[in-house]
Amino acid sequence: ETGVTQTPRHLVMGMTNKKSLKCEQHLGHNAMYWYKQSAKKPLELMFVYNFKEQTENNSVPSRFSPECPNSSHLFLHLHTLQPEDSALYLCASSQVGQGVNSPLHFGNGTRLTVT
Amino acid sequence: DQQVKQNSPSLSVQEGRISILNCDYTNSMFDYFLWYKKYPAEGPTFLISISSIKDKNEDGRFTVFLNKSAKHLSLHIVPSQPGDSAVYFCAASAHGAGNMLTFGGGTRLMVKP
């Protein structure tokens, strides 16, 4: 149990579908993140939310739309994706603040396949 | 351009011996470095970290060494155990960048019994 739960674990969707990835953290952290891991590439930061406010959008296409309704929940809404968007999507949380360098705690990821 | 590089995609070590995983970085603003370990079908888990004010940090069988002048860090695992077989990611962050980590591509460690 990592303290960060992601659902679903696997998702197959067509290019015209709309789906959402869900993440919930039970660690009392105040920051949440979406990372993408494509085959043979490093983990890429997509979005950062500090205290429910989006503080980073790492040049992510608009077909990915994050939502953070509170500090414990994070969503990634997907629509009109492309096959190259197939990847492992990882959610993470951490505690941020002045002088705090809390390591990121990751969920187990959602393996997304776009057909 | 990758700012954090792990040039060895894989490493094979005999049980009981030392495993040394290497990581190089280019951004001189990085001042905090972490190692994560990832098993298949699981997310990365935090292993050990080091701040740029130190050159060594030890936690049990795991030691991280930082050479700032060379912009190089390494993770030593001794003695290596079969359960250590996983993909190891090096990550770095810059002061003022919060916890936005830049990751290396990972090294797959295989510890043979």
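The values are calculated or read from the model by the stated rules, or taken from the named source; none is laboratory data. Since we're looking at a predicted model, the values are computed, not measured. Cβ coordinates were reconstructed from backbone atoms using ideal geometry, including for glycine residues, and neighbour counts include every protein chain displayed. The area values use the complete protein model at the heavy-atom level, side chains included, leaving out ligands, DNA and RNA. Shrake-Rupley method; radii C 1.70, N 1.55, O 1.52, S 1.80 Å.
At-a-glance table
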| quantity | calculated |
| --- | --- |
| Sole residue being surrounded by 15 or more Cβ atoms within 10 Å (Cβ to Cβ) and within 22 Å of A:Lys36 (Cβ to Cβ), chosen from B:Lys37, B:Lys71 | B:Lys37 |
| B:Met110 vs. criteria in a loop (DSSP other than H, G, I, E, B) and surrounded by 14 or more Cβ atoms within 10 Å (Cβ to Cβ) | no |
| Considering residues of region B:75-100 that are open to solvent by 10 Å² or more (accessible area, probe 1.4 Å) and under 15 Å from the mean Cα position of the chain (by Cα) only, the residue nearest to A:Gln95 (Cα to Cα) | B:Val87 |
| Sole residue being among the β-branched types (Val, Ile, Thr), over 30 Å from B:Ile53 (Cα atoms) and out of contact with any Lys or Arg (no Cβ under 6 Å at 6 or more places or on another chain), chosen from A:Thr80, A:Thr55, A:Thr113 | A:Thr113 |
| A:Thr115 vs. criteria surrounded by fewer than 17 Cβ atoms within 10 Å (Cβ to Cβ), touching a strand residue (DSSP E or B) at 6+ places or on another chain (Cβ under 9 Å), polar (S, T, N, Q) and away from chain B (no Cβ under 14 Å) | yes |
| Single unsatisfied condition, A:Thr16 versus (1) polar (S, T, N, Q); (2) out of contact with any Cys (no Cβ under 8 Å at 6 or more places or on another chain); (3) not in a loop (DSSP other than H, G, I, E, B) | (3) |
| Any pair with Cβ under 6 angstrom, 6 or more apart, that starts in region A:26-45 at a residue that is at the interface with chain B (Cβ under 10 Å from one of its Cβ atoms) and part of a strand (DSSP E or B) and ends at one that is open to solvent by 20 Å² or more (accessible area, probe 1.4 Å) and of a type in the set (D, E, K, R) | A:Glu44/A:Lys36 |
| Count - residues of region B:40-53 that are open to solvent by less than 60 Å² (accessible area, probe 1.4 Å) and more than 14 Å from the chain's Cα centre (by Cα) | 2 |
| Count - residues of region B:9-30 that are surrounded by fewer than 18 Cβ atoms within 10 Å (Cβ to Cβ) and at pLDDT below 95 | 4 |
| Every residue from region A:75-92 that is open to solvent by 60 Å² or more (accessible area, probe 1.4 Å) and assigned to a loop (DSSP other than H, G, I, E, B) | A:Thr80, A:Gln82 |
| Segments classed as strands (runs of 3 or more DSSP E), wholly inside region B:7-72, with at least 2 members that are touching a residue at least 12 places away in the same chain (Cβ under 8 Å) and away from every other protein chain (no Cβ under 14 Å) | B:10-14, B:19-25, B:62-67 |
